[in-house]
Amino acid sequence: MKRPIAISDSANFYVSAERIFDPTLKNVPVIVLSNNDGCAVARSDEAKALGIRMGEPLHLIRDKVEAHGVRVFSSNYTLYGDISRRVVEVYEDFTPNVEIYSIDECFLDFYGFKDRTAHARAMRAAVLRRIGVPVRVGIAPTKTLAKCANDIAKRNPIFAGVLDMMDDTLADWLLPMVPVGDLWGVGRQTEKKLHGLGIRTAAELRDMPLRQARSLGTVVLERTVLELQGEPCLSFDEVEPQRKGMAVTRSAGTPMTDFDTLFQALTAHATRAAEKLRQHGLVAGTLTVFFHTNRHRMDRPQYAGSRTTRMTPMSSDTFDLVDAARRCAQAAWPKDQSRAFGFTKAGILLDDLLRFEDRPLTLFDAQNPKSQALMTALDQVNDRFGKKTMVLASEGMKRSWKLRSDHRSPRYTTRLSDLPVVR
């Protein structure tokens, strides 16, 4: 028996989140920029109609922005993350099983509902009423077909935001109209290969022999073909899989030219990584530090440094991670002092993650009995009084390396000082 899987995604999510608290943004072109106010990463339908492309740098579209009054925002991930969490809470009122796929997409178990379309429409209305974000829903027997149905519902107003593609007849009618390059899991290189074989639609890919699909695009393409045929190959993860790795990386607002400034940034990144480890009840076995100059400015001296170290014992202690980051950064720092490097990005990568209770205990390394209590106190202080209330001194106070975010909106839902004022 086919088990219906739904996927719900938010329309232009970052823009929709900005519009919740600012009604003047409705029906006007809006774009949200990437880190450091670099490129457009979210666009309203009005901005798309002006020809603003995804990933287009702001400095190349300034004339268009000024001529058409495009409203520009820096990324406000604190706001977007909180709005996403609230949307998921609404989904949980409509299904017992929710798999978070990304900040604006969730797979939902729709098994057992008789009128799935009506159920999905009720869920859409609830999300719009309670959160203020429009969503679209696609329903099908596999994840790939559900993503396909969602994409069709997004592009065709006749479906009113919901498409139930559990019926094979409906899939047979719609799939010939879906370009193969629009399918989930089909990249540009695979699309070129498929075009070379004369396969241009989802229906033509569905009918491709499995052996030929595996030889052309490995087991990944073979699974896509099976999923298009209605055979589930990608399971519905009712339990969130354990993390294997973690990364905290940031671009710098201004180039970092000395070791102390770079280490301030690395301290902040290691601190955040340690917080995330403790939130998930994990410890790390390996830490990597990297930093590099701007690869797009070849007229300036170029350098990229990276070092990895084992964490012995495995740890989520902020002091342990910062200490390891310092050793790595010192080892990777350029030895040529005659050239002035300006580092524009740095980060911390953690691997070999294990649950705290599963960590291997060492025989000879001294355990710090106060470590866990100290980290708990640090987290509680920052939870109660706000992020960065208590930090390590090596993070510095001025933080000149911080990202540029000249157009960021208030963090309406997570800071009392940013609450909207009604007059």
Tell me, please, whether a residue that is over 30 Å from Ala17 (Cα atoms) and charged (D, E, K, R) can be found in the stretch 378-391. no
Looking for something part of a loop (DSSP other than H, G, I, E, B), within 30 Å of Asp383 (Cβ to Cβ), open to solvent by 40 Å² or more (accessible area, probe 1.4 Å) and among the hydrophobic types (A, V, I, L, M, F, W, C) - is there at least one such residue anywhere in the stretch 236-243? yes
Flag if Thr117 is out of contact with any Leu (no Cβ under 8 Å at 6 or more places or on another chain) and among the polar types (S, T, N, Q): yes
Could you grab me the full set of residues in the stretch 88-126 that are within 27 Å of Thr78 (Cβ to Cβ), of a type in the set (A, V, I, L, M) and crowded, with 21+ Cβ neighbours inside 10 Å? Leu108, Met123
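Restrict the check to the stretch 279-302 and report whether at least one residue is assigned to a helix (DSSP H, G or I), of a type outside the set (Asp, Glu) and under 20 Å from the mean Cα position of the chain (by Cα).
Of all residues in the stretch 279-302, those assigned to a helix (DSSP H, G or I) come to 279.
If we keep only those that are of a type outside the set (Asp, Glu) too, we end up with 279.
Among the residues that remain, those that are also under 20 Å from the mean Cα position of the chain (by Cα) are: 279.
Yes - at least one qualifying residue is present in the stretch 279-302.
Go over the candidates Val135, Val180 one by one and state the one that is within 23 Å of the chain's Cα centre (by Cα) and of a type in the set (A, V, I, L, M). Explain how you work it out, then say what you get.
Details: Val180 fails: within 23 Å of the chain's Cα centre (by Cα).
Being within 23 Å of the chain's Cα centre (by Cα) and of a type in the set (A, V, I, L, M) holds for just one of Val135, Val180, which is Val135.
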Single residue of Ala377, Ala366 found to be of a type in the set (Gly, Ala, Ser) and at pLDDT 80 or above: Ala377
Please return the ranges of helices (runs of 4 or more DSSP H) entirely within the stretch 34-147 where 2 or more residues are in contact (Cβ under 8 Å) with a residue 12 or more places away in the chain, of a type outside the set (Val, Ile, Thr) and touching a strand residue (DSSP E or B) at 6+ places or on another chain (Cβ under 6 Å). 116-130
Can you say whether Ser417 is outside any loop (DSSP other than H, G, I, E, B) and more than 16 Å from Lys276 (Cβ to Cβ), as far as the supplied structure shows? yes
Filter the stretch 183-220 for residues that are charged (D, E, K, R), open to solvent by 80 Å² or more (accessible area, probe 1.4 Å), over 16 Å from Glu231 (Cβ atoms) and free of Cβ contacts under 8 Å to residues at least 12 places away in the same chain and give the result. Arg188, Lys192
Some residue of the stretch 164-171 being assigned to a helix (DSSP H, G or I), under 22 Å from Pro141 (Cβ atoms) and of a type in the set (A, V, I, L, M): yes
A careful count of residues in the stretch 373-393 that are open to solvent by 100 Å² or more (accessible area, probe 1.4 Å) and either in contact (Cβ under 8 Å) with a residue 40 or more places away in the chain or not in a helix (DSSP H, G or I) (or both) gives 1
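What about Thr309, is it touching a Ser or Thr at 6+ places or on another chain (Cβ under 9 Å), at negative phi and of a type in the set (S, T, N, Q)?
Taking the combined requirement at face value, the residue satisfies it.
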Can you pull out every residue in the stretch 24-33 that is part of a loop (DSSP other than H, G, I, E, B) and under 24 Å from the mean Cα position of the chain (by Cα)? Pro29
Residue list for the stretch 241-274, filter: among the β-branched types (Val, Ile, Thr), within 17 Å of the chain's Cα centre (by Cα) and over 25 Å from Arg300 (Cβ atoms): Val248
Out of curiosity, is Trp173 touching a residue at least 40 places away in the same chain (Cβ under 8 Å) and either within 27 Å of the chain's Cα centre (by Cα) or at negative phi (or both)? no
Restricting the stretch 309-326 to residues that are among the hydroxyl-bearing types (Ser, Thr, Tyr) and within 25 Å of the chain's Cα centre (by Cα), the one most open to solvent (accessible area, probe 1.4 Å) turns out to be Ser316
Among the residues in the stretch 292-303, are any buried (at least 17 other Cβ atoms within 10 Å of the Cβ) and either in contact with a Cys (Cβ under 7 Å, 6 or more places away or on another chain) or under 19 Å from Ser371 (Cα atoms) (or both)? no
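The values are calculated or read from the model by the stated rules, or taken from the named source; none is laboratory data. No experiment lies behind these values; they were computed from the predicted model shown. Here the Cβ is made from the backbone with ideal geometry for all residues, glycine too, and neighbour counts use every protein chain on show. The accessibility values were calculated without ligands, DNA or RNA, using every heavy atom of the protein model including side chains. Shrake-Rupley method; radii C 1.70, N 1.55, O 1.52, S 1.80 Å.
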